[in-house]
Amino acid sequence: MGALASYLRAIGRTVLSVGDGLAVTFSYLLRAPVTLQYPDRMRVPVIELLPERSRGMLEVDLDLCTGCAACDRACPIDCIALEVVKHAERGRLIQRFDIDLGKCMFCGLCTEACPTGAIRHSHEFEGGTGDVRALVVPFVDAPRQPAKAKQEPPPAPKPLGSILRARMPGPWDRPRPPARPEGGEHAG
Amino acid sequence: MSPELQQVGREEFVLNMGPHHPATHGVLRFVLHTDGEIMRRAVPEVGYLHRGLEKLAEAHTYAAYVPFTDRINYLESMFCNQVWSMAVERLLGLQVPRRAEYLRVIACELNRIANHCIALGSIAMDVGAYTPFVYLLREREAINDLLEALCGNRLTYHYVRIGGVAHDVDEGWQGKVRAYLDHLEPILDELHSLVGGNEILVRRLGGVAVICASDAVGWGLVGPNLRASGVDWDLRRDRPYSVYPELSFEVPVGRGEQGQVGDCYDRWTVRVAEMRQSVRLLRQALERLPAGDILAKVPRSIKPPAGEVYQPVEGARGELGLYLVSDGSPKPSRAKWRSSSFAALSIVEHLSRGLMIADLVALIASLDPIAPEVDR
């Protein structure tokens, strides 16, 4: 009889505590949803929601780069390939500045080492690509002279991400799936 | 009856659990020697996620290794950053500014709450309740947003640096953290009615896989797993570091509420109680945050004098230690990580004798091991 009573009491407790839990779950019917349906049903693009310090994919403004290679030395995993050559007539030339975004671990050590702010983290993060080689982004088209450390007047700052977008085919170029009508059935 | 048939049901059945199994928390493998549902023993097989992080330390300068410490344990990167920085600071004899120490405490305690959200969520999920995991993930998401605003990344923070921290905080961010803490406390009560007090969870965890205090100490368990067994030991209080002595908090220990001291349910309750203590610590740290520098004067090239240190901190999973040897060059001579997940896994074989397979899942979840931290 005792065993049966404790068995029944356990069932009772289970029903009550499950009811407790369900009360919490059902209370969420009345609260505002927090889920964001990324990527196709965002009201604001995610990139505009990111905080200022957000470390996205790297980009290099060659109008600021002095070719000092501080970033190259600071990088723990050698994802920056920087070649500066000496030309007989034109002096020092930046011949190559490639960043392998597939290797990059977004630590920010290069941006902290850069004396002029030429290399910086954009907020871009949607770098999905079908070919890993597409993640190596070249920033130098033809050998060019490095910038001076102090320029008067300083060149106009370029909008964050604009340099990278111009150089890397990314999801921003691909056709998006048509946005689903608002208030329709749940996605997926 | 033929002799072959007489043997049926007597031999041991060897079953592989993992390396890809939803209940093994990453790439972990357990070799189960079972007799029906009952296990004779479960042997953890580790090494699938070995990335040679200790060897990598020897190839990088002290400052350049900090982002690698993020990858040791992706759920408590802040503590890994901190322990590396503290070890190097001790080798250098560097004094960290007080504001930086407070910011470290704030960042680390936020990280601890985020980690426990995942730990509790996965315990509930592994014993069959999916909803709490999603609810807790939502809470962790808010911390990820706060930490991203603080240091620029959601998981691999690279925030605590040698000599201080990377970024300062403003009033707006502090207000957001306070608002979050006000939001979190009722959520913890809600968690109890959602799942913590649920009879099914209590039955699945209470009295299961009991670790007695002497076993816990003997196998080197640390942190919440050790405290759940009733051992009152917390490095923040007992080996004080940073500014923890200035802050008041309690160290929750397991009391055997639903069975015995040291069962899976105690490991659950200790983590919930620790989240409340973290909230308390955060409130105090935000209130007392002094003005001043956030980074000490660190030499451009860090070359600690030859010597060795062992630096532990109380991470989210307990004692996270680093043994660091310097030979006076810009690169460490040897770095050895003492990770809490490795200790937690080593006790599994001892405990698994006579356990049901389903209870092994509860045990693994309640020990909260993280595969990358086990293998490093």
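Details
- Test: residue in the range B:286-294 that is closer than 23 Å to B:E89 by Cβ, of a type in the set (D, E), surrounded by fewer than 17 Cβ atoms within 10 Å (Cβ to Cβ) and in contact (Cβ under 8 Å) with a residue 24 or more places away in the chain: yes
- Number of the condition not met by A:V44 [criteria: (1) open to solvent by 40 Å² or more (accessible area, probe 1.4 Å); (2) touching a residue at least 60 places away in the same chain (Cβ under 8 Å); (3) farther than 23 Å from B:T131 by Cβ]: (2)
- Of all residues making up the range B:16-38, the number that are farther than 30 Å from B:R71 by Cα, in contact with a helix residue (DSSP H, G or I) (Cβ under 9 Å, 6 or more places away or on another chain) and at pLDDT 85 or above: 1
- So B:L191, is it touching a helix residue (DSSP H, G or I) at 6+ places or on another chain (Cβ under 6 Å), in contact (Cβ under 8 Å) with a residue 24 or more places away in the chain and under 30 Å from A:S17 (Cβ atoms): no
- Top-ranked residue in the range B:20-34 [being in a helix (DSSP H, G or I) and surrounded by 18 or more Cβ atoms within 10 Å (Cβ to Cβ); ranked as farthest from the chain's Cα centre (by Cα)]: B:A23
- Per-region count, the range B:123-135, residues in a helix (DSSP H, G or I) and open to solvent by 10 Å² or more (accessible area, probe 1.4 Å): 6
- Every condition in (1) surrounded by fewer than 23 Cβ atoms within 10 Å (Cβ to Cβ); (2) part of a strand (DSSP E or B); (3) out of contact with any Cys (no Cβ under 9 Å at 6 or more places or on another chain) is met by B:F342 except one, and the failing one is (2).
- Test: residue in the range A:107-118 that is within 16 Å of the chain's Cα centre (by Cα) and open to solvent by 30 Å² or more (accessible area, probe 1.4 Å): yes
- Among the residues of the range B:96-116, not a single one is of a type in the set (K, R) and within 13 Å of chain A (Cβ to nearest Cβ).
- For the range A:134-161, the set of residues classified as under 18 Å from the mean Cα position of the chain (by Cα) and more than 20 Å from A:I94 (Cβ to Cβ) consists of A:A134, A:L135, A:P159, A:L160, A:G161, listed by residue number.
- Near pairs, Cβ below 8 angstrom, 6+ apart or cross-chain, from the range B:201-215 (within 14 Å of another protein chain (Cβ to nearest Cβ) and without any contact (Cβ under 8 Å) to a residue 24 or more places away in the chain) to any residue that is surrounded by fewer than 17 Cβ atoms within 10 Å (Cβ to Cβ) and outside any loop (DSSP other than H, G, I, E, B): B:R203/A:A10
- Residue count, the range B:35-75 (criterion: within 12 Å of chain A (Cβ to nearest Cβ), without any contact (Cβ under 8 Å) to a residue 40 or more places away in the chain and part of a helix (DSSP H, G or I)): 3
- Single residue of the range B:297-318 satisfying the filter (β-branched (V, I, T) and not in a strand (DSSP E or B)) that is farthest from B:F342 (Cα to Cα): B:V298
- Any hit, the range B:151-171, residues being in a helix (DSSP H, G or I) and more than 24 Å from B:S77 (Cβ to Cβ): yes
- When residues in the range A:15-40 are screened for being closer than 30 Å to A:G128 by Cα, surrounded by fewer than 12 Cβ atoms within 10 Å (Cβ to Cβ) and hydrophobic (A, V, I, L, M, F, W, C), 1 of them pass.
- Flag if B:R353 is under 29 Å from B:E89 (Cβ atoms) and touching a residue at least 12 places away in the same chain (Cβ under 8 Å): no
- For the range B:140-154, the criterion of being within 14 Å of chain A (Cβ to nearest Cβ) and at positive phi is satisfied by at least one residue.
- Within the range B:196-244, helices (runs of 4 or more DSSP H) holding 2 or more residues that are of a type in the set (D, E, K, R) and open to solvent by 50 Å² or more (accessible area, probe 1.4 Å): B:199-205
- Within the range B:223-245, the residues that satisfy the criterion of being touching a residue at least 40 places away in the same chain (Cβ under 8 Å) and farther than 22 Å from B:R353 by Cα are B:G223, B:P224, B:R227, B:D234, B:L235, B:R236, B:R239, B:Y241, B:S242, B:V243, B:Y244.
- Subset of the range B:155-172 [at the interface with another protein chain (Cβ under 9 Å from one of its Cβ atoms) and surrounded by fewer than 20 Cβ atoms within 10 Å (Cβ to Cβ)]: B:H167
- Filter result for A:G67 (away from chain B (no Cβ under 14 Å) and not charged (D, E, K, R)): yes
The values are calculated or read from the model by the stated rules, or taken from the named source; none is laboratory data. Everything numeric here is computed off the predicted structure, so don't read it as measured data. Using ideal geometry, Cβ is built from the backbone for each residue, glycine included, and neighbour counts are taken over all protein chains shown. Note: areas computed on protein heavy atoms with side chains; ligands, DNA, RNA excluded. Shrake-Rupley method; radii C 1.70, N 1.55, O 1.52, S 1.80 Å.
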